[in-house]
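Asks: My questions all concern the structure below.
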Ligand code: UTP
């Protein structure tokens, strides 16, 4: 078995790992061989080439005024779905939060100033606003990475699920993929261990299947899943008006979007690509696309996604056989050299491979772009300071009356 691993590694130009393994004790070699056998090494062949894109067109978005005019009807439909147990929520909390530079799961970060308010707590408070009004629980599935699973689960336990119903919370672990340095070489994370990182936020449904949670969804007859990121402390979860709007639209998915602050804003925009919902990244847009306007003056490519989606479960089942594209992300990844020296990089040093939730949108027949007010629903905590940081999120929380 060991020889086969050496052969594979040599074939993939990973000779440094073969020679490193020779320096290990037999039992260490064995456990490293086992780890390598479990890894998906096909990522080493992932091309750096740009993804081929299709024909882009603007996608009509349901705007704030239209939502306001129909708020009551949408909200009633949404609450009905929640009360009938048709809606679940999926918290994507497997990221490494390397930009924030916090040593624990991002949800454990205290966003409070004079009082304690953890990010997880903030999100649960937002969800409790809905479940209290609905007088029904929304099953909550929390995705973690291998590394932050235990700490996340313990944290919820220690804080009594921040007032949520423990029986309605499930944790599951996403998969890992190897990381590579700038020369496409595998790295070590410690003695006898290849460095791996969580496989991105696009693999959540496949990971739910692998960890047996689709059974829970089936048994509970959940029809809709609201997927959201851990870092937006203002986001509305299982928002009845959003759920109702998607249901009433007859579409199979929905995405919360915010109007761009300026044409050049660096956000991925929801649009159509070859007639299907898709997200065009800011750097993929031509000047013509960036500045194009509709007859009423609004930008044609105006609505940025905020990682809050609603998917219909039966449509998600169809995506399970599809392999999502892998994106390379250049990140700060701590590692160990083959000489045993630990390196904690100050700047991005290596690539991780990620599937993205937005690629799930592309697999849907249609998607309702549902506008939300960014000052009310979008306060991402990505960085320590500056744009999308702890400081900006605190300002926005205060603006929305959250005591800090
Ligand atoms: P980000 O793209 O901001 O990545 O994640 P990150 O790893 O959290 O942070 P940086 O880039 O290292 O600073 C957006 C959302 O997707 C989740 C994150 O937890 C966050 O909610 N995510 C990301 C996962 O659940 N798994 C992943 O593998 C990556």
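Asks: Restricting to Cα pairs below 8 Å that are 6+ residues apart, what does the relative contact order work out to for segment 97-224? Please round to a whole percent.
Replies: 18 percent
Asks: Summarise the long-distance tail of P(r) for segment 42-82 by giving the % of C-alpha pairs beyond 14 Å.
Replies: 72 percent
Asks: Give me the one-decimal nm value for the distance between modelled label points at residue 150 and residue 283, 7 Å along each residue's Cα-to-Cβ direction.
Replies: 3.8 nm
Asks: Here's a follow-up. Over 12 Å apart: what share of the alpha carbon pairs of segment 361-404 falls there, rounded to a whole percent?
Replies: Tail of P(r) above 12 Å: 65 percent of Cα pairs.
Asks: How many nm is it between the label spots at residue 341 and residue 373, if each spot is 7 Å from the Cα in line with the beta carbon?
Replies: So the two model labels end up 5.5 nm from each other.
Asks: Here is a follow-up. What ranking, highest mean first, results for peptides 228-240, 331-343 when packing means the other Cβ atoms within 10 Å averaged over each residue?
Replies: 228-240, 331-343
Asks: Where does segment 1-153 land on the Kirkwood hydrodynamic radius, alpha-carbon pairs, in angstrom?
Replies: Kirkwood radius, segment 1-153: 21.3 Å.
Asks: Further question on the same structure: By how many degrees, between 0 and 90 and to the nearest 10, does the Cα long axis of helix 26-38 differ from the longest principal axis of the chain?
Replies: Tilt of helix 26-38: around 40 degrees.
Asks: Would you mind checking segment 256-284 for residues with the amide N under 19 Å from a putative spin-label position 7 Å along Cα→C-beta of residue 291?
Replies: Only 260-267, 282-284 fall inside the zone, counting backbone N under 19 Å.
Asks: Treating the angle as unsigned and between 0 and 90°, give the value, to the nearest 10°, between the Cα long axis of helix 119-134 and the longest Cα principal axis of the chain.
Replies: Around 40 degrees separate the two axes.
Asks: How high is the relative contact order of the chain? Use alpha-carbon pairs under 8 Å, at least six apart in sequence, and give a whole percent.
Replies: 23 percent
Asks: Another question, then. Hey, got the Cα dimensions of the chain along the principal axes, in Å, largest first?
Replies: 69, 52, 43
Asks: Moving on. Tell me the angle of helix 64-83 to the major Cα principal axis of the chain, expressed in degrees between 0 and 90 and rounded to the nearest ten.
Replies: 70 degrees
Asks: Per residue and in Å³, how big is the convex hull formed by the alpha-carbon atoms of segment 219-341?
Replies: 227 Å³
Asks: Test of understanding: in a Gaussian network model of the chain with alpha carbons linked when under 10 Å, which of 52, 377, 288 would top the mean-square fluctuation ranking?
Replies: Maximum among the listed residues: 52.
Asks: In whole Å, how far is the Cα centre of segment 364-379 from that of segment 255-293?
Replies: Computed from Cα coordinates, the inter-centre distance equals 13 Å.
Asks: Which whole-number percent is the relative contact order of segment 47-163 (Cα, under 8 Å, 6+ apart)?
Replies: Computed over segment 47-163, the figure is 29 percent.
Asks: May I have the convex hull volume per residue, in Å³, for the Cα set of segment 139-182?
Replies: Roughly 82 Å³ of hull volume per residue.
Asks: On a C-alpha basis, how far is the centre of segment 60-138 from the centre of segment 31-45 in Å? Whole number, if you could?
Replies: 37 Å
Asks: Shifting gears a bit: Please find the FRET efficiency linking residue 7 to residue 365, where r is the Cβ-Cβ separation and R0 is fixed at 45 Å, and quote it to the nearest 0.05.
Replies: That gives a FRET efficiency of 0.50.
Asks: Okay, moving on. What's the extension gain from residue 404 to residue 262 if we count 0.36 nm per residue and subtract their Cα-Cα distance?
Replies: Stretched fully, the residue 404-residue 262 segment lengthens by 48.1 nm.
Asks: Could you tell me what % of all Cα pairs in segment 275-371 have separations over 24 Å?
Replies: Result for the distance tail: 46 percent.
Asks: Please give the Cα centre distance for segment 176-241 versus segment 153-168, rounded to the nearest Å.
Replies: Spelled out, the Cα-based centre of one part sits 20 Å from the other.
Asks: Which value, in nm² and rounded to one decimal, describes the direction-averaged projected area of the C-alpha convex hull of segment 134-251?
Replies: Over all viewing directions, segment 134-251 projects a mean Cα-hull area of 10.6 nm².
Asks: Place a point 7 Å from the Cα of residue 218 along the Cα-to-Cβ direction; which residues of segment 140-155 have their backbone N under 18 Å from it?
Replies: Inside the label zone: nothing.
Asks: Based on DSSP, what percent of beta bridges with both residues in the chain are antiparallel, to the nearest 5?
Replies: 65 percent
Here, each number is a calculation from the coordinates, and none is a lab measurement. Note that the coordinates shown come from a computational prediction; the quantities given were computed from them, not determined experimentally. Ideal geometry is used to build each Cβ from the backbone, glycine not excepted, and the neighbour counts take in all protein chains shown.
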